[in-house]
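Peer 1: Sharing a structure with you now.
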Amino acid sequence: MKLVEAMERVDAAGKPMEQLLKEYDEAHMKYNGEIPAEMMQGFDKRYDEIAAAINEVKKQIILDNKDNLVPVFYLRTGGDAYGVEFLEEFLKDYKYKDCKVLEPVLKSINGEKNKLPGAPVVDFVGKDLNDNECHLTDYVGKGKYVLVDFWASWCGPCRAEMPNVKENYEKYREKGFEVVGISFDDNKEAWEKGVQDLGITWPQISDLKGWQCAASDLYNIKGIPATILYGPDGKVIKANLRGEELGKTLAEYLDK
């Protein structure tokens, strides 16, 4: 199969997404940006369903082209979406698995594995706000439930989620719960101001390298906010907990 043929198949699968986005834009204008919650939930549900269908088409294209370079394009541009198990199984016997452009995919697989339930903590080293060297393992695996919160002072969604993190921190910190922030800032003053403005009181670590932060590769963090919840034994319980799901998960373990 030629790449152009593969792209045509993906484009065909994506037609419903074009219609959905059109409907969303119309609703956004009609309600002046305040789309009713029930309608928004419907949009989200349809988006997830269509995205999953597109993903399945891409995965099938990859499987149908084990003897050529077509998979390289789809692995390189969206490999994370296929899941660790699929990627490892496919790459095991793929003729071009050593292709240099696939190196980021292999790196992302390792990062994703570090977030899977049951995975042991992988250490991250940086400095705190007082310029003292500190390790993630100074906090994780010491007998507490620890939420590692990947954020940055410039990240709007991170700032919007912070009150939820604070609420859960205040609710559970006396029950053996800790939060550790890993900042993707590259400017210490901005990082400090963000911590002060948001009233963050839990430990902070950063290497001040922005998106070049070592944590990005270690845990395959491609977007923030992102989180990893570790158990008292230092093993992952669940990743990417936000909103109501964070509170519900913490309640399962700490409301006893």
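Peer 1: Within the stretch 209-245, track down each residue that is in contact with a helix residue (DSSP H, G or I) (Cβ under 7 Å, 6 or more places away or on another chain) and under 20 Å from residue 114 (Cβ atoms).
Peer 2: Within the stretch 209-245, 217, 218, 219, 220, 221, 222, 224, 225, 229, 238, 241, 242 qualify.
Yes or no, residue by residue, for (1) in contact with a Pro (Cβ under 9 Å, 6 or more places away or on another chain); (2) in the same structural domain as residue 186 (by TED's automatic domain parsing); (3) surrounded by 14 or more Cβ atoms within 10 Å (Cβ to Cβ); (4) farther than 30 Å from residue 94 by Cβ:
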residue: 132; (1), (2), (3), (4): no, yes, no, yes
residue: 135; (1), (2), (3), (4): no, yes, no, yes
residue: 145; (1), (2), (3), (4): yes, yes, yes, yes
residue: 153; (1), (2), (3), (4): no, yes, yes, yes
residue: 162; (1), (2), (3), (4): yes, yes, yes, yes
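Peer 1: Taking the stretch 139-180, which residues are free of Cβ contacts under 8 Å to residues at least 24 places away in the same chain and farther than 20 Å from residue 250 by Cα?
Peer 2: Hit for the stretch 139-180 is 156, nothing else.
Peer 1: Do you know which of the residues in the stretch 11-55 that are under 24 Å from the mean Cα position of the chain (by Cα) and touching a residue at least 40 places away in the same chain (Cβ under 8 Å) is surrounded by the most Cβ atoms within 10 Å (Cβ to Cβ)?
Peer 2: If we take residues in the stretch 11-55 being under 24 Å from the mean Cα position of the chain (by Cα) and touching a residue at least 40 places away in the same chain (Cβ under 8 Å), then 54 is surrounded by the most Cβ atoms within 10 Å (Cβ to Cβ).
Peer 1: Taking the conditions exactly as written (outside the structural domain of residue 81 (by TED's automatic domain parsing), surrounded by 16 or more Cβ atoms within 10 Å (Cβ to Cβ) and of a type in the set (Ser, Thr, Tyr)), does residue 249 satisfy them or not?
Peer 2: Values: outside the structural domain of residue 81 (by TED's automatic domain parsing): yes; surrounded by 16 or more Cβ atoms within 10 Å (Cβ to Cβ): yes; of a type in the set (Ser, Thr, Tyr): yes.
Yes, satisfied.
Peer 1: Right, next: Just one of (1) at pLDDT 95 or above; (2) outside any helix (DSSP H, G or I) trips up residue 167, so point out which.
Peer 2: For residue 167, the exception is condition (2).
Peer 1: Determine, yes or no, whether residue 166 is closer than 22 Å to residue 138 by Cα and out of contact with any Pro (no Cβ under 8 Å at 6 or more places or on another chain).
Peer 2: Values: closer than 22 Å to residue 138 by Cα: yes; out of contact with any Pro (no Cβ under 8 Å at 6 or more places or on another chain): yes.
It is true that residue 166 is closer than 22 Å to residue 138 by Cα and out of contact with any Pro (no Cβ under 8 Å at 6 or more places or on another chain).
Peer 1: Same structure again: Taking the stretch 74-126, which residues are closer than 18 Å to residue 150 by Cα and among the aromatic types (Phe, Trp, Tyr)?
Peer 2: Of everything in the stretch 74-126, just one residue is closer than 18 Å to residue 150 by Cα and among the aromatic types (Phe, Trp, Tyr), namely 124.
Peer 1: Residue by residue through the stretch 210-231, note down the ones that are assigned to a loop (DSSP other than H, G, I, E, B) and surrounded by fewer than 15 Cβ atoms within 10 Å (Cβ to Cβ).
Peer 2: 222, 223
The values are calculated or read from the model by the stated rules, or taken from the named source; none is laboratory data. Quick caveat: nothing in here was measured; it's all calculated off a predicted structure. Using ideal geometry, Cβ is built from the backbone for each residue, glycine included, and neighbour counts are taken over all protein chains shown.
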